[in-house]
Structures are given as C-alpha cells and as structure tokens.
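Chemist: Structure below; questions to follow.
Each value in this text was obtained by applying a stated rule to the coordinates, not by laboratory testing. Because the structure is predicted, anything quoted here is derived from the model rather than measured. We place every Cβ from the backbone using ideal geometry, glycine too, and count neighbours over all the protein chains shown.
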Amino acid sequence: MEPKLIMVSVGKSGVKIPMHIQEAIFVTSSGNYKKCPPPDKPEIAFIGRSNVGKSSLINMLVGRKSLAKTSARPGKTQLINHFLVNKSFYLVDLPGYGWAQASKTQRIGWNEMVNQYLLHRENLVSLFVLLDIRLPPQKIDLIFINWLINNNIPFTLLLTKADKISKQQITIQLNNFKQILAVTSTNPLNYFVTSSKNQLGKSEILDFIEQIVIGYKMV
Ligand code: GTP
Ligand code: MG
C-alpha cells in the first residue's frame, strides 16, 4: 500500500512547494499528559523503539540540527517533549520503548506515561510510528502496533535510516514489512521511507502534516 500523498502546494511551474518552517521552538517536557501544554493546537507525535531515530527525524523536518536532543546511546528521550512549529502546531517527541538497559520500573513508568498520553491527549491528530528499515519489525513493535489497533489509534509508519541500505535492499525490506504487518493489521498501513541523514521523505511528510493541520482547523 502506497502512502496517501496529497499534493498541497503547487507553484506556477507545477512543482510541489514544501511547507515552509519559519519557526520551531521547544516548549516544555512533561512527565504526564495532564501536564502537557493546553490542547489548543493540533499535534503530531513520534513514537518507536529506543534509538530508531525519532528525535533526529523531528530535527530533519524542522531543519534544525539539535532542537530535539539525539544520542547514539538509546534512552535519550525520557519525557513527553513539545515543539511548537510556525506557532500553529506541535510536534511531540516521545520516549522510545524497548530500551534494554532501562529498569523494569522505569519501563513500566514510561509505557504508562506514553499509553495514557496516546489514549487521552485530545488534540493528538496524527501519530507516526518509526521502524528501522534495516530490521524486520521486532516483537515489541508488533505488540505496540497491535495495542494501537486495539485502541483505535490511527498511525502512519515511518521507516527510518534508509541511507544505511541500498535502493535494492529498500525494496526487499518494504516487501518484508508488508508481509509481516499484513498479519497484524487487516487495514492498509500508510508509510513513508525516510532518512534524517539525507532528508529522504522530508517534503512528503511535511505535506502530510500540512494537510492534517489544515483539516484540523476546518473542523
Ligand atoms: P531515544 O530518544 O533514545 O528513544 O532515541 P531516538 O529514537 O530519538 O533516536 P535518535 O534520533 O536520538 O537517533 C539515534 C541514533 O541514530 C543517533 O546516533 C542518530 O544520529 C542516528 N540516526 C537517526 N536517524 C538516522 C538516519 O536517518 N540515518 C543515520 N545514518 N543515522 C540516524
Ligand atoms: Mg529521542
């Protein structure tokens, strides 16, 4: 299933113009969805296994090197982080799941914090689930995706770190993902192939976000 890409901005030449990011600012980190900023703007969140590239992807989208803190060491993001973009929507960097070094108590605490946020954050309009394109979805990814499906939380897949494999391998991996995920979900899954290193997927994801933000404001 190809991602639903809707062309939003078309210039005189007919070339797609990506959404211009004028401003992206860190707002706050919260340990509980109830302490997040007032839910007065649409928000888009990023989730996935620890180290999959969530924070790097947010930086790539907004064109800032280190707005969201990244690290080669897993477990860097441990709170719900809000970034306000163009004064009109939030991008939210969530802690990763499946970090082996975390204690059981820490893991339960983060899972609970993230699950409560996903279930109750009223202005959450889109969720991106990140998977490393080099690996088949891990058991913990499938458990999480199943949890989203069972709770009727819609999501879009972002397959990350595509710069690390060849185009041919990308095609092979896409077929593997489709087969594995077809068992998990009967609905077609939307996805984008991405690389924070070489900006792959940037304009398509920004277009997708722009559509969602426009749609939210019209309701
Ligand atoms: P946690 O906050 O620990 O859950 O991790 P995260 O998912 O936010 O990952 P982060 O963005 O911190 O990236 C983890 C590591 O992967 C860093 O060393 C990044 O430089 C690297 N990385 C992220 N995205 C890419 C990518 O697209 N290509 C390559 N080559 N490396 C990437
Ligand atoms: Mg992070």
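Chemist: Write down the Å³ per residue value for the convex hull defined by the alpha carbon atoms of the chain.
Modeler: 130
Chemist: Summing Lys, Arg as +1 and Asp, Glu as -1, what charge do residues with Cβ under 12 Å from the Cβ of Q169 carry, Q169 excluded?
Modeler: Once all neighbours under 12 Å are counted, the net charge is +3.
Chemist: Next question, about the same structure. Taking only Cα atoms and a 10 Å spring cutoff, compute GNM fluctuations for the chain and point out the largest among I209, I80, I170.
Modeler: Of I209, I80, I170, the most mobile in the Gaussian network model is I170.
Chemist: Still on this model: Where the centroid of each part is defined by its Cα atoms, how far is the range 13-88 from the range 104-153 in Å?
Modeler: Cα centroid of the range 13-88 versus Cα centroid of the range 104-153: 16 Å apart.
Chemist: Let me ask something additional. Using DSSP, restrict attention to beta bridges with both residues in the chain and report what percent are antiparallel, rounded to the nearest 5.
Modeler: Around 40 percent of the beta bridges assigned by DSSP in the chain are antiparallel ones.
Chemist: Subtracting the Cα-Cα distance from 0.36 nm times the residue separation, let me have the gained length for T184 to N123 in nm, one decimal.
Modeler: Contour length minus the Cα-Cα distance gives 19.3 nm.
Chemist: Just check the range 98-207 against the gyration tensor rule for me: Cα atoms, a ≥ b ≥ c as the square roots of the eigenvalues, rounded for a/c under 1.5, and otherwise prolate or oblate depending on whether a/b exceeds b/c.
Modeler: Note, shape of the range 98-207 comes out prolate.
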